[in-house]
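Read through the structure below, which is laid out as structure tokens, and then see the notes.
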Amino acid sequence: MSEGSDTAPATTGTVLPRAFCVRRGGIAMACALLAVGLIFVWQASLLDFGGLGLPGPGFFPLLLGAVLGASSAVIGLACWRESDEKKTVELGHYDVLVVFVALLAVPTVFEWLGAYLTLGVFGAALLILIARTSLWLAALSAVIAMAACWFFFQLLLGLQLPTGLL
Amino acid sequence: MTGFDQLIAGFSIALSWKGLLYCFIGCLWGTIVGVLPGLGPLAGMTLLLPLTFGLDPTIGIIMLTGIFYGAMYGGSTTSILVRIPGEAASVVTCIDGYEMARQGRAGPALMIAALGSFVGGSVSILGLMFIAPPLAKVMIAIGPSVEVVLILLALAVISVVSAGSRIKTATMLVLGLLLGTIGLDNLTGAARFTFGNANLAGGLSFTALAIGLFGVSEILINLEKTEAIKAIRPKMRELIPRWKDLRDSAPAVGRASIIGFIFGIIPGVSHVVATFVSYAVEKRFSKHPEEFGKGAIAGVAGPETANNAVTGTAMIPLLALGIPSIPATALLLSALTIHGVQPGPLLLTDHPEVFWGLVASMYIGNVMLLILNLPLVGIFVNLLRIPYAWLVPIILIVSIIGVYSVNFSVADIWIMVLSGGAGYVLRKFGYEMAPMLLALVLGDRLEANFRLALTMSGGDYATFADKASIIVLTSTVGLLLTVQGLAWAFGYRKSFADEAEGA
């Protein structure tokens, strides 16, 4: 008979999701897409449209921007007519927010601090904040990981990553 | 050289030490990617994309393709042992595969899944070998107007068959086409939507977008789940199936090979759809349909075979037409382009070694996977013991390095991060990312061929309704309607796949 084995939970963080009404969120998403479409239409109108027979660089994006705007409006209208206000979607889980904020910080300092220092701090921060490891274990893991990355990417593959402050 | 001679030449590349090594790396990494929930074949391929930069294009594509079909093999392992699909296409296998595991028959389930995958993969490779060359010859003879019709048809089909709301899918398609216009216009060199930023002159990095939309967003979504993973661990001696299992699964494997083969060619049809259709067909044909859902071997054999049969045939539109039908082949197209090889009708004449080397390596990879999957199942189960919170930093660090190394531009990391966040929110509200990515890849060619066709015809739109276009359009639409009609007749409903894609 086969045996089973327990594993640690995938994540054990405090989660802070906030429930957002699907109807309102759907309308907001549709409005965002509509705005994207209108921006493309606006910028495309500044380009050479050409003619129907010989389209210029502005033809395609103008047409697509208009279609995007129209389809977003249809989606928004469908969401607005949806009567069920109880259906929700959760956003803002703690681990998700932590990872996303950390990801935003990476390109900000990537070339200034250097690839290995940035990614080392990034990895250690995630281990502490979402994997709930101790500081020394996170630091040790980050050093080992960066050494492995340097060996694999720089020595073996010849990829020159920015060294920054190092 | 005849096709047979070219296949022999392809085997000489695939059987070289580099070909075998990188095929093995791809298959092994693909299996690991398939086993680990939350890391799909697309993310797995992108992570190893930088590894291909110093390689010959053929060897690089052999490795990336190995990851692609390796992931299909690996996904069944977690479906059967843990009831968590390693990737979306293995959702159906959870139904009967896990029930078999609970009954102490995990070994036969794994073995039948592996054998079915092998047969399905082999059939699809044969299809690739025999269909792609004549299809490519036909494509060379037709002009840009027919290519426009084909691409529009592909986009329309994606819009209809993809999971989720059709209007939302169409919106994502249009958004993908729009994002593809960012950068310098191919025909006039005019800067479009760059806002004076030199980093955007070449357009948005496909790799960064792919990793962001599929990899980062998937990680963010998986971070919300906190279920413990309890894996059933089979013993090696239990892997041998009974004669009855082989007899019961043989017809399912045969039917599923054909189903996967046909569905693989249709653009936008993910592996999920083919597996659901196969399951529906097996249940319809079974003498004991009441056994489905309770550990029916055909419920494992069919979907897993169909899953792998899609993989090879999905390469046909990519290699013969230059039209990727699923996101993974879109990444292969991007990888080939980075290496200076343009997939499409001229691939077989300009770079036959790439096509035939790939075909030969798929035969070899298929055998490798059959050998790899079963003895190493214990190792793969142990991988599932690694807490997801530990995997996240590793995956993200490798992703960031991979994305940066394509153009050595920090702008690509920004694109990855921002598209990841956007993808996360869009998916929460029911928008699919695959159509956007496919449209992004096809948009450039659609616009270029559209404008070229009009230039050649002197601005006459009737060029899009010429005889060749109509023949291609009607025969393709006829085939699609037939296939969809048959699937419906066997009890497949789009809602099943919608639920699975959202699982």
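The values are calculated or read from the model by the stated rules, or taken from the named source; none is laboratory data. Since the structure is predicted, the reported quantities are computational estimates derived from the model, not experimental observations. So basically every Cβ, Gly included, is an ideal-geometry build from the backbone, and we count neighbours across all protein chains shown.
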Residue list for region B:13-28, restricted to those being surrounded by fewer than 23 Cβ atoms within 10 Å (Cβ to Cβ) and touching a residue at least 24 places away in the same chain (Cβ under 8 Å): B:ILE13, B:LEU15, B:LYS18, B:LEU20, B:PHE24, B:ILE25, B:LEU28
Matching option when the condition is surrounded by fewer than 24 Cβ atoms within 10 Å (Cβ to Cβ) and over 23 Å from B:ASP350 (Cα atoms), among B:LEU47, B:LEU55: B:LEU47
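Per-residue answers, yes or no, for (1) closer than 15 Å to B:SER76 by Cβ; (2) under 19 Å from the mean Cα position of the chain (by Cα); (3) aliphatic (A, V, I, L, M):
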{"position": "B:LEU15", "(1), (2), (3)": "no, no, yes"}
{"position": "B:LYS18", "(1), (2), (3)": "no, no, no"}
{"position": "B:GLY26", "(1), (2), (3)": "no, yes, no"}
{"position": "B:ILE32", "(1), (2), (3)": "yes, yes, yes"}
{"position": "B:MET45", "(1), (2), (3)": "no, yes, yes"}
{"position": "B:LEU48", "(1), (2), (3)": "no, yes, yes"}
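Residue by residue, here is whether (1) surrounded by 23 or more Cβ atoms within 10 Å (Cβ to Cβ); (2) within 30 Å of B:PRO303 (Cβ to Cβ); (3) over 18 Å from the mean Cα position of the chain (by Cα); (4) charged (D, E, K, R) holds:
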| residue | (1), (2), (3), (4) |
| --- | --- |
| B:THR78 | yes, yes, yes, no |
| B:ILE95 | no, yes, yes, no |
| B:ILE140 | no, no, yes, no |
| B:VAL157 | no, yes, no, no |
Considering residues of region A:37-55 that are surrounded by 15 or more Cβ atoms within 10 Å (Cβ to Cβ) and within 7 Å of another protein chain (Cβ to nearest Cβ) only, the residue nearest to the chain's Cα centre (by Cα): A:PHE40
Region B:120-131, subset of a type outside the set (Ser, Thr, Tyr) and surrounded by fewer than 23 Cβ atoms within 10 Å (Cβ to Cβ), residue modelled with the highest pLDDT: B:VAL123
Odd one out for B:ALA434 among (1) at pLDDT 85 or above; (2) touching a Pro at 6+ places or on another chain (Cβ under 6 Å); (3) surrounded by 23 or more Cβ atoms within 10 Å (Cβ to Cβ); (4) over 17 Å from B:VAL148 (Cβ atoms): (1)
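Here is a yes/no grid of residues against (1) crowded, with 24+ Cβ neighbours inside 10 Å; (2) without any contact (Cβ under 8 Å) to a residue 60 or more places away in the chain; (3) not in a helix (DSSP H, G or I):
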| position | (1), (2), (3) |
| --- | --- |
| B:ARG385 | no, no, yes |
| B:VAL392 | yes, no, no |
| B:SER399 | yes, no, no |
| B:SER405 | no, no, no |
| B:LEU418 | no, no, no |
| B:GLY421 | no, no, no |
| B:ARG427 | no, no, no |
| B:LEU438 | yes, no, no |
Long-range neighbours under 8 Å by Cβ, at least six apart or interchain, first residue closer than 15 Å to B:PHE206 by Cβ within region B:442-458, second in a helix (DSSP H, G or I) and among the hydrophobic types (A, V, I, L, M, F, W, C): B:LEU442/B:ILE151; B:LEU442/B:ALA154; B:LEU442/B:LEU155; B:LEU442/B:LEU177; B:GLY443/B:LEU177; B:GLY443/B:LEU178; B:GLY443/B:LEU179; B:ARG445/B:ILE151
Residue that is nearest to the chain's Cα centre (by Cα) [pool: residues in region A:71-89 that are surrounded by 14 or more Cβ atoms within 10 Å (Cβ to Cβ) and more than 10 Å from chain B (Cβ to nearest Cβ)]: A:THR88
Residues satisfying the stated conditions in region B:324-343, i.e. touching an Asp or Glu at 6+ places or on another chain (Cβ under 9 Å) and touching a residue at least 40 places away in the same chain (Cβ under 8 Å): B:HIS339, B:VAL341
Boolean, A:LEU68 is at the interface with chain B (Cβ under 7 Å from one of its Cβ atoms), among the hydrophobic types (A, V, I, L, M, F, W, C) and within 23 Å of the chain's Cα centre (by Cα): yes
Conditions (1) touching a Lys or Arg at 6+ places or on another chain (Cβ under 9 Å); (2) among the hydrophobic types (A, V, I, L, M, F, W, C); (3) farther than 15 Å from B:SER217 by Cβ; (4) at the interface with another protein chain (Cβ under 10 Å from one of its Cβ atoms): number failed by B:PHE429: (3)
Residues of region A:125-147 satisfying the condition of being under 24 Å from B:PHE408 (Cα atoms) and within 10 Å of chain B (Cβ to nearest Cβ): A:ALA142, A:ALA145, A:MET146
Helices (runs of 4 or more DSSP H) enclosed by region B:272-361 - at least 1 residues per element that are charged (D, E, K, R): B:298-313, B:347-350
Top-ranked residue in region B:166-180 [being surrounded by fewer than 24 Cβ atoms within 10 Å (Cβ to Cβ) and at the interface with chain A (Cβ under 9 Å from one of its Cβ atoms); ranked as nearest to B:PHE193 (Cα to Cα)]: B:ALA170
Residue list for region B:187-211, restricted to those being part of a loop (DSSP other than H, G, I, E, B), touching a helix residue (DSSP H, G or I) at 6+ places or on another chain (Cβ under 8 Å) and facing chain A (nearest Cβ under 9 Å): B:LEU187, B:PHE193
Index of the failed condition, A:ALA102 passing every other in (1) touching a residue at least 60 places away in the same chain (Cβ under 8 Å); (2) within 9 Å of chain B (Cβ to nearest Cβ): (1)
